[in-house]
Amino acid sequence: DEKTFLLGGSGPLTGAAASYGTSVKQGAEIAIQEINDAGGAQVGEDTYKFELAFEDDEATEDKAVQAYNTLMDKGINGFLGCTTSGSCIAVAQLSQQDGILQITPSGSAEGCIEPDNAFRICFSDPEQGVAMADYAVDTLGYKKIAVLYNVADEYSTGIYDAFTAEVEAKGAEIVDAESFNTGDVDFNSQLTSIKGTDAEAIYVPAYYQDITYITKQASELGMELPFLGSDGWDGVLKTVTDPATVEGCIFTSPFCASVDDEKVVNFVKAYQDAYGETPDQFAADAYDGVYAFKAAMEEAGSIESADMIDAMTKISVSGLTGDPITFDASGAAVKDVKFVTVKDGQYTYVE
Amino acid sequence: MAMLQVTDLKVNYGVIQAIKGVSFEVNEGEVIALIGANGAGKTTILHTVTGLIAPKSGKIEFEGKDITKMPAHKIVTLGMAHVPEGRRVFADLSVYENLLMGAFTRKDKDEIAKTLEMVYKRFPRLRERKNQVSGTLSGGEQQMLAMGRALMSHPKILLMDEPSMGLSPLFVNEIFDIIKEVSASGTTVLLVEQNAKKALSIADRAYVLETGKIVLDAAADVLMNDPSIKKAYLGE
Amino acid sequence: MKIDKKIIVNALIALVVYAAVMGLVKGGVLSRQMMSLITPVCVYVMMSVSLSLVVGFLGELSLGHAAFMSIGAYTGCLFLIATKDILPVLVSLLLAVFIGGVAAALLGVVIGIPVLRLKGDYLAIVTLGFGEIIKSVFNSLKITGGAKGLSKIPLVATYKNFTFVFILMLLVILLVSHLVNSRHGRAVCAIRDNYIAAEAVGIPVSRYKILAFVIAAFMAGMAGVIYGANLGILKPANFDYNASIEILVMVVLGGMGSIKGSIIAAVILTLLPELLRGASDYRMLIYAIALISMMLFNNSAFKRNLTEKRNLKQAEKLSKEEV
Amino acid sequence: MSLINAILEQLLNGLRTGSIYALIALGYTMVYGIAKMINFAHGDIIMVGAYTLYVCVSLLHLHPILAVIITILVCALLGVVIEKIAYKPLRQAPPLAVLITAIGVSYLLQNLALLIFKATPIPFASIIKVPSIKIGGVHVSGLTIVTLIVTTISMILLTLFINKTKAGRAMRAVSEDKGAAELMGVNVNQTISITFAVGSALAAVAGVLFIAQYETLLPTLGALPGIKAFVAAVLGGIGSIPGAMLGGLILGIIESLAKAYISTQLSDAIVFSVLVIVLLVKPSGLLGKMKIEKV
Amino acid sequence: MGVLLEVKNLGISFGGLRAVDGLNMTINEGALVGLIGPNGAGKTTAFNMLTGVYRPTDGTILLDGKSLVGKKPAEICQEGVARTFQNIRLFTQMSVLDNVKVALHNSIRYNLATSFLHLPSYFSKEKEMDEEALKILKIFELDTYADTNASNLPYGKQRKLEIARALATNPKLLLLDEPAAGMNPNETKELMETIELIRKEFKVTILLIEHDMKLVSGICEYLYVLNFGTELAHGTPAEVLNDPKVVKAYLGE
Ligand SMILES: Nc1ncnc2c1ncn2[C@@H]1O[C@H](COP(=O)(O)OP(=O)(O)OP(=O)(O)O)[C@@H](O)[C@H]1O
Ligand SMILES: Nc1ncnc2c1ncn2[C@@H]1O[C@H](COP(=O)(O)OP(=O)(O)OP(=O)(O)O)[C@@H](O)[C@H]1O
Ligand SMILES: [Mg+2]
Ligand SMILES: [Mg+2]
């Protein structure tokens, strides 16, 4: 018997953050296409095909709540969202009351998975910040680090807080903490200030749009400090005009569009065929999110959210952003933090 | 053919009809007065003739040309100038610049300079204040400027809306002398005035307007002696 | 007589609206999307009615109304969080709303100072500036959670508490419409129409300008608390100038100086983007076109003539008297 | 690095952003001064300019100079069309109505760009290649110098045009009293069209320089510089052309110094505080004329 | 009868322009005085200084012995000076009735709480205001226009409304700036009667600027003549209007 699993999703499709939501939507569509082509999910006796209902939430909380409720009106069976943390937190309160399984691909703030029904694919902000701090101090041996972060963005500040705390706990020093605002395109002042310090590296937890400006302007200023980054960096190569500006940077990332892994290669190809662009981490997270739903329903043998939620901690997903990905009781994805660097204009994993 | 011929003109403000079918004519060289109480529609007629307001129906011809639907800025180039009610000088422009605006449609620099000299001679106060920002002129000074500005275009016909308002008695006389002079130099004049006595004293003919309709027209000296006119408009 | 009839009609409208919404909610007829829009609609009605006091009646352009909202929202919601387990819900909410209003009103006084010296676009920029300053401050404050936002606000102002929210909204509408029909409101309107003449007939212009800003701020502050207690999370980014502009759009679209218009425009503009969800990718494009078309229609000759015909009777009466 | 050098570098950083703000503010102020409306869509015309240039250079492979000319023409035309469709019908309406329509136009342009070019940022390498020069130990970006020169020339030309030419005088007359201007023989509609054409052409130039500077295309790229330029125009005294330039440069410099020496977290707050203080001292902006109302 | 207004050596400069210089005036309670002079002589400017719109560069203004210099327009109004404007300044988006009610702001009061809540006193006070306003409008035959938008009135009626509004502030001294401008002789005549009437009925002192000599000689008891900012002459109309200096500078033959 063939049935439909209606998967809801939300993220910004318009406004300044539109690219994130669009990536999530498209990544999910690729996964769904793949699953459906392969015959769907096998749940007990039934076969389920996926269908996606995706709403624009403009990355604001009130719109997200309305988007979520619109989706509930449509009778979604599970919720892949939201794309951004604030929206995710706002919606999680409601989804908890509804008892529906919510998996956010990219909502990285701690509060996103607080309710029992909520899970996430991406790293949490503190997790990433700590991981990079450990790597920078222990492995790379930096003692003096400068930070440049987005003061108006929860993702950036979340990582920044954890990173700073961990670096200092390890006895290294944050020599300069500069910040910027969403939408800023000029970072020369901050970079000039950092240039005037004795920092050995710059950590920039931010999204690739900002990184594009920052790395270009740093190179124009003649700065040669190594850049460290967060998983938001992924995608930066498709927006820089000169890959040399990001050469040698290292960032935490679970996903890397150009690694040789077969799954990744297939995904990137399918994505490029469908949308004419290289997928970023948002797309990969969403892709894995859809597979997490598939795994959960197959494990539970039911598409009832309560059953799927119980099954979440038992499943293991072989995804793009982790292989395997499992989930702990808190709702967080358990997967290795990997470090990616840009070498000869290509992403590669750091050995 | 009259120089300016208005036939069965009707003008609405929204749904309210302000002009209810007015016809009149102005012949070349004449001074015509248009008199009537507050709100009779005098200003409305002048605005319609110069194209600032579109009429609902009717026809306006100037020198045989139908100008009913012509935009105001084109009508000006035909040789019509309008001294609007309330002066409407360009407050942020200097007196000199205001005068130059008057000559906007003219090209010949020498001719413009000559006219400017003529205007300055008629209104010495304007020469004194030529660099003052017009907005700070006194009411009367602004009236002079508005008039000077209209003369700068060297018009064939000059439409004036209450040119004596706010002017000192001495200057009222002067303004009327100037109108006479302008008329003598060959410019046709259509004059709207509250000071009906003065207006009639220099006009050839006059039309009397009441709530959007012309109720009387006759030679100026006839009207001047008409008892009902005396009572209603001359304050006697 | 004339006034009494108006009051009765308005009270009836309010009652019918309340009963209808309540009925729909209780009857379970309303979709969840619509139910989740109930509180936002009320919030935006409060915002636009309060802003209309400044823009429509005082005639000053304010691009920072969302800042007042944010001050109210943060203080009120902090209070809500703090008293969540101590006070009964209604008491806590009532106090929070009041505290939010007062906090915003205090900021209103601060903004009042430039208001006295500046006019028009200069004032607009200063209000915009204040909004951005407030946003920056919230971004860097620890107690409000900085950019991560203030979360875990008790959800005590959702459609389930519609009665409370509705009464508060009515109160705002009532107070503002009462005010503009009083000697104080007339003074405010007189300043808008001609401040030199207003001064000349003895209106203390400065005092009334500040008064209008403070009252509007107070009400925006109250609305902010409801906003927060409906969403559960507050982020500074949601109160930037775009948010202020959205409210301004409502006031202007509603017709300046018309409270009824502000209410209707607030309802329409809050619902419209949601109703357009069916248009998916074209949603915001259609929204933009709708906005432009509505503005053009509102000021078209056609619409003017419609309104004028309504006034025609009066005009006819007058012209008869004149003859 | 010596302190002097550091300050100098930060000043240059300020000039870099400031000169862009100034260029955008010129168009803002010019349209405001004549049409008496805040054209909130001005920033989005910059965006359109940037995308047009991209289409011409990267997709159609036109010669850069030709591409720039086409960009300017497209934007000028767009400005005129927007005015005709969205603003002209509102001549009799209260000024705020036009402001709201402009906001609508801004939404419209952004969302059109989003539909056509999608949300993902598009990299677009600068078509202006000028080497940076070194003055006394500090690098000065070539592009900054180009922008400053273009802005200064635009400012001078615009000032001369508006104050010294007949067309400019007509514009000022139209801005004060459309009816009276019409009575002088000025074609008001045409004059306003010219205003929007010139203003939008300036926006196009700003778009070209902006994209050369920042190299990333986004549907929302015009929004923030648009607002900043508006602030700059008001700071300098809205309606005043030299004021717009001054305001832009000062805004850029304050921003840069505030970020460098006070606090990046609160830099926006600082910038706006300075603005508020300046306006409190000088209520009509730095170079704005106090409008005298004759009583 | 006591002195109501005493102006001594009043002067003001705009940049280099000395608009008013050394103006002296003494106006008795209940008087009806005219201020005349050529265009640009400084008459309106003098009014502006009397009402606090401009601050004089030098000189004193005493109303009932109290100095007005440095006070704000609203304060001066509350001291009892009201005015009309040469270029009409009505509250254009308000009804004729509300225009007058604004002017009653300080004489019929209730507090903010009453406004917000429409307490009983709101209704009684508003009624009182309506009555008072209509009473004043009736004098100017504007009561039938009470609900009309002020900007839709014809020019002449707008001027009258300005006077009505000024009167509503209950002034001791009423300043009228060219009240008859834009009126025809008949309308001017009516206006003269109205001015006489309000002067009696409201026991108000009037100082007016006017270029219509019929009005000036018809109702003014005393005249001051300004020329180039300085006083040219003062006296009874008969004296002043026959003064050769005045004839030459102002009246013409
Ligand atoms: N813009 C307008 N909208 C509506 N009605 C108007 C408008 N302008 C004038 N009116 C009305 O049209 C009628 C004629 O007005 P108009 O200004 O032409 O009179 P007028 O004869 O010039 O009077 P005045 O001597 O006072 O200048 C009046 O009843 C006036 O109220
Ligand atoms: N704010 C100002 N700035 C500069 N000059 C001014 C200002 N106000 C008035 N003036 C000048 O002062 C002089 C007196 O002006 P005022 O308006 O008092 O004249 P008036 O006597 O009322 O004349 P009228 O009878 O024409 O109205 C005029 O020359 C005028 O240009
Ligand atoms: Mg008239
Ligand atoms: Mg005067």
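So is C:ILE133 part of a helix (DSSP H, G or I) and under 21 Å from D:VAL276 (Cβ atoms) or not? Taking the combined requirement at face value, the residue satisfies it. For first residues located in segment C:77-100 and over 24 Å from C:PRO236 (Cβ atoms), partners that are among the polar types (S, T, N, Q) and assigned to a helix (DSSP H, G or I) and lie 6+ apart or on another chain with Cβ distances below 8 Å form the pairs C:ILE86/C:SER92. A residue that is within 16 Å of ligand 3 (Cβ to nearest atom), hydrophobic (A, V, I, L, M, F, W, C) and touching a His at 6+ places or on another chain (Cβ under 7 Å) cannot be found anywhere in segment B:140-150.
Of the residues C:GLY101, C:GLY149, the single one that is surrounded by 24 or more Cβ atoms within 10 Å (Cβ to Cβ) and within 14 Å of chain E (Cβ to nearest Cβ) is C:GLY101. If you go through segment A:183-224 and keep only what is closer than 22 Å to A:SER108 by Cβ and in a loop (DSSP other than H, G, I, E, B), you end up with A:GLY183, A:ASP184, A:PRO205, A:ALA206, A:TYR207.
Pairing each residue of segment E:141-153 that is farther than 15 Å from E:ILE88 by Cβ with any residue that is modelled with pLDDT under 90, provided the two are 6+ apart or on different chains, yields C-beta distances under 6 Å for E:THR144/C:GLU321. Among residues of segment E:70-90 that are closer than 14 Å to C:VAL205 by Cα and without any contact (Cβ under 8 Å) to a residue 60 or more places away in the chain, those with a Cβ under 8 angstrom from a residue that is part of a helix (DSSP H, G or I) and open to solvent by 30 Å² or more (accessible area, probe 1.4 Å), sequence gap 6+ or separate chain, pair up as E:LYS71/E:GLU79; E:LYS72/C:GLU199; E:PRO73/C:GLU199; E:ALA74/C:GLU199.
When you scan segment B:171-179, do you find a residue that is away from chain E (no Cβ under 13 Å) and buried (at least 20 other Cβ atoms within 10 Å of the Cβ), even just one?
Filtering segment B:171-179 for residues away from chain E (no Cβ under 13 Å) gives B:178-179.
If we keep only those that are buried (at least 20 other Cβ atoms within 10 Å of the Cβ) too, we end up with B:179.
The answer is yes; a qualifying residue exists.
For segment C:192-232, the tally of residues that are under 24 Å from C:GLY120 (Cβ atoms), more than 9 Å from every other protein chain (Cβ to nearest Cβ) and open to solvent by less than 10 Å² (accessible area, probe 1.4 Å) stands at 6.
For segment E:1-109, which fully contained strands (runs of 3 or more DSSP E) count at least 1 residues that are within 16 Å of ligand 4 (Cβ to nearest atom) and under 30 Å from E:ASN149 (Cβ atoms)? Steps first, answer last, please.
Details: elements: E:3-14, E:17-28, E:32-36, E:58-63, E:81-83.
Counting at least 1 such residues, we get E:81-83.
Screening B:ILE35 with (1) within 14 Å of chain E (Cβ to nearest Cβ); (2) open to solvent by less than 40 Å² (accessible area, probe 1.4 Å); (3) near ligand 1 (Cβ under 9 Å from one of its atoms) gives one miss only, at (3). Among all residues of segment B:105-112, there is none that is more than 9 Å from every other protein chain (Cβ to nearest Cβ) and crowded, with 22+ Cβ neighbours inside 10 Å. Filtered by the rule that a residue be within 7 Å of another protein chain (Cβ to nearest Cβ) and hydroxyl-bearing (Ser, Thr, Tyr), segment C:160-191 gives a lone residue, C:SER182. Within segment C:105-130, the set of residues being closer than 19 Å to C:ASP240 by Cα and open to solvent by 10 Å² or more (accessible area, probe 1.4 Å) comprises C:ALA105, C:LEU107, C:VAL110, C:ASP121, C:TYR122, C:PHE130.
Tally time: how many residues in segment B:192-206 are more than 16 Å from ligand 2 (Cβ to nearest atom), buried (at least 23 other Cβ atoms within 10 Å of the Cβ) and not small (Gly, Ala, Ser)? Spell out the reasoning first.
Of the residues in segment B:192-206, the ones more than 16 Å from ligand 2 (Cβ to nearest atom) are B:192-194, B:196-206.
Pick out the ones that are also buried (at least 23 other Cβ atoms within 10 Å of the Cβ) and you get B:192-194, B:196, B:199-200, B:203, B:206.
Add one more test, that the residue is not small (Gly, Ala, Ser), and what stays is B:192-194, B:200.
Residues flagged as more than 16 Å from ligand 2 (Cβ to nearest atom), buried (at least 23 other Cβ atoms within 10 Å of the Cβ) and not small (Gly, Ala, Ser) within segment B:192-206 amount to 4.
Based on what the data block shows, is B:ASP110 farther than 26 Å from E:ASN87 by Cα and of a type outside the set (Lys, Arg)?
Working: farther than 26 Å from E:ASN87 by Cα: yes; of a type outside the set (Lys, Arg): yes.
Yes, satisfied.
Which ones in segment D:235-248 are assigned to a helix (DSSP H, G or I) and surrounded by fewer than 24 Cβ atoms within 10 Å (Cβ to Cβ)?
Looking only at segment D:235-248, we keep the residues that are assigned to a helix (DSSP H, G or I), and these are D:235-236, D:241-248.
The answer is D:PRO242, D:LEU246.
When segment C:22-43 is filtered for residues that are open to solvent by 30 Å² or more (accessible area, probe 1.4 Å) and part of a helix (DSSP H, G or I), the ones remaining, listed by number, are C:MET22, C:GLY23, C:LEU24, C:LYS26, C:GLY27, C:ARG32, C:MET34.
Looking for something away from ligand 3 (no atom under 16 Å from the Cβ), free of Cβ contacts under 8 Å to residues at least 40 places away in the same chain and open to solvent by 50 Å² or more (accessible area, probe 1.4 Å) - is there at least one such residue anywhere in segment E:29-50? There is no residue in segment E:29-50 that is away from ligand 3 (no atom under 16 Å from the Cβ), free of Cβ contacts under 8 Å to residues at least 40 places away in the same chain and open to solvent by 50 Å² or more (accessible area, probe 1.4 Å).
Evaluating E:VAL53 against the criteria (1) touching a residue at least 40 places away in the same chain (Cβ under 8 Å); (2) under 14 Å from the mean Cα position of the chain (by Cα) leaves one unmet condition, (1).
Are any residues in segment E:216-253 among the acidic types (Asp, Glu), within 14 Å of chain B (Cβ to nearest Cβ) and surrounded by fewer than 18 Cβ atoms within 10 Å (Cβ to Cβ), and if so, which ones? Talk me through it step by step, then tell me what you get.
Kept after step one, since they are among the acidic types (Asp, Glu), are these residues of segment E:216-253: E:221, E:231, E:239, E:243, E:253.
Then keep just the ones that are within 14 Å of chain B (Cβ to nearest Cβ); that gives E:243, E:253.
Of everything in segment E:216-253, just one residue is among the acidic types (Asp, Glu), within 14 Å of chain B (Cβ to nearest Cβ) and surrounded by fewer than 18 Cβ atoms within 10 Å (Cβ to Cβ), namely E:GLU253.
Just to be sure, is B:MET147 within 16 Å of ligand 1 (Cβ to nearest atom), outside any loop (DSSP other than H, G, I, E, B) and not aromatic (Phe, Trp, Tyr)? So B:MET147 does not fit the description; no.
Inside segment B:13-24, residues that are closer than 14 Å to B:VAL49 by Cα, away from ligand 3 (no atom under 16 Å from the Cβ) and either within 14 Å of another protein chain (Cβ to nearest Cβ) or of a type outside the set (S, T, N, Q) (or both) make up a count of 2.
The values are calculated or read from the model by the stated rules, or taken from the named source; none is laboratory data. None of these values were measured; they are calculated from a predicted model. Neighbour counts run over all protein chains shown; Cβ positions are idealised from the backbone, glycine included. Just the protein is used for accessible areas: all its heavy atoms, side chains included, with ligands, DNA and RNA removed. Shrake-Rupley method; radii C 1.70, N 1.55, O 1.52, S 1.80 Å.
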